[in-house]
1. Which pairs turn up if I take residues in the stretch 143-163 that are surrounded by 13 or more Cβ atoms within 10 Å (Cβ to Cβ) and look for partners that are among the basic types (Lys, Arg) and assigned to a loop (DSSP other than H, G, I, E, B) with beta carbon separation below 7 Å, at least 6 apart in sequence or on another chain?
2. All but one of (1) buried (at least 16 other Cβ atoms within 10 Å of the Cβ); (2) under 22 Å from the mean Cα position of the chain (by Cα); (3) at pLDDT 75 or above hold for residue 84; state the number of the condition that does not hold.
3. Examine the stretch 130-149 for a residue that is among the charged types (D, E, K, R), more than 19 Å from the chain's Cα centre (by Cα) and at pLDDT 85 or above, and state whether such a residue exists.
4. In the set 162, 175, which member is outside any strand (DSSP E or B) and over 22 Å from the mean Cα position of the chain (by Cα)?
5. Would you check if residue 103 is touching a Pro at 6+ places or on another chain (Cβ under 8 Å), part of a loop (DSSP other than H, G, I, E, B) and touching a residue at least 12 places away in the same chain (Cβ under 8 Å)?
6. Restricting to the stretch 106-125, and then to whatever is farther than 21 Å from residue 171 by Cα and either touching a residue at least 40 places away in the same chain (Cβ under 8 Å) or among the hydrophobic types (A, V, I, L, M, F, W, C) (or both), can you tell me which residue is surrounded by the fewest Cβ atoms within 10 Å (Cβ to Cβ)?
7. State the number of residues belonging to the stretch 165-175 that are modelled with pLDDT of 90 or more and farther than 12 Å from residue 103 by Cβ.
8. What about residue 95, is it in a loop (DSSP other than H, G, I, E, B), in contact with a strand residue (DSSP E or B) (Cβ under 7 Å, 6 or more places away or on another chain) and crowded, with 18+ Cβ neighbours inside 10 Å?
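The values are calculated or read from the model by the stated rules, or taken from the named source; none is laboratory data. On a predicted model such as this, the values are computed, not experimentally measured, just so you know. So basically every Cβ, Gly included, is an ideal-geometry build from the backbone, and we count neighbours across all protein chains shown.
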Amino acid sequence: MSTKPNAAGLCLALLLLAACNRNLEPFDPAEEPHQPDLSRIFPAAAGGSEVAQNAPTEMPPPPPAMTDEPELAAPAGEPIRGTLRVAPELASAQPAGAVLFLIARRNAPGPPVAVKRIEAPRFPLDFEIGPDDRMIKSMPFAGPLQLTARLDSDGNATSRTPGDLQGVAHAAVAPGETGVELVLDERL
């Protein structure tokens with residue numbers, strides 16, 4: 001028995017794949033829900049269908065659990081406050097027009113707990129990062145948290161451009177902590 005794909009089967013699979021049109025449109029958050037038009041599926045009789053005449057004209061309201069967003073939010077601690085500085089030897093190396101990303105992470109893998117984006121920062125910079133800056137609102141703003149900062153020249157949080165400056169707090173911090181010192185002391 002050969003394990004090579006059959007040319008006819010491969011052509012058929014490609015043809016089916018190319019013919020697949022699910023008519024998917026991009027998500028529109030402003031789009032209002034509405035009842036589907038069932039008349040195309042179930043055409044009404046000459047006198048009108050009893051089902052079509054008794055069909056509701058509006059969508060029922062969503063259940064309360066879907067409208068109460070605060071229930072979805074996790075308990076949150078107090079913001080962390082401190083000062084961010086640039087190391088004196090790197091003061092002249094600040095990229096022009098850079099964006100500062102302040103990031104709070106747990107030691108566990110996964111997304112950051114909170115991220116704050118600050119455009120055109122001036123140093124020294126008094127900062128605050130807290131529950132309002134969480135990436136996922138259902139993730140609790142609880143410690144201990146590791147703070148890092150990066151002065152990013154292209155403004156893209158996912159890129160690491162040579163010449164960007166970064167710094168890491170020397171110790172983990174807890175929500176509500178004040179007087180945290182963070183220094184941008186490394187050049188990528």
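1. As it stands, the answer is 145/106, since those pairs meet every condition given.
2. (2)
3. Residues of the stretch 130-149 that are among the charged types (D, E, K, R), as a first pass: 132-134, 137.
Now drop any that are not more than 19 Å from the chain's Cα centre (by Cα), which leaves none.
No, because not a single residue in the stretch 130-149 is among the charged types (D, E, K, R), more than 19 Å from the chain's Cα centre (by Cα) and at pLDDT 85 or above.
4. On the way: 175 fails: over 22 Å from the mean Cα position of the chain (by Cα).
So the residue among 162, 175 that is outside any strand (DSSP E or B) and over 22 Å from the mean Cα position of the chain (by Cα) is 162.
5. Working: touching a Pro at 6+ places or on another chain (Cβ under 8 Å): yes; part of a loop (DSSP other than H, G, I, E, B): no; touching a residue at least 12 places away in the same chain (Cβ under 8 Å): yes.
Answer is no for this residue.
6. Taking the stretch 106-125 as the starting set, the residues that turn out to be farther than 21 Å from residue 171 by Cα are 117-123.
With either touching a residue at least 40 places away in the same chain (Cβ under 8 Å) or among the hydrophobic types (A, V, I, L, M, F, W, C) (or both) added as a condition, the list becomes 117-118, 120, 123.
Details: 117: 13, 118: 16, 120: 9, 123: 14.
Per the stated criteria, the residue is 120.
7. 6
8. no
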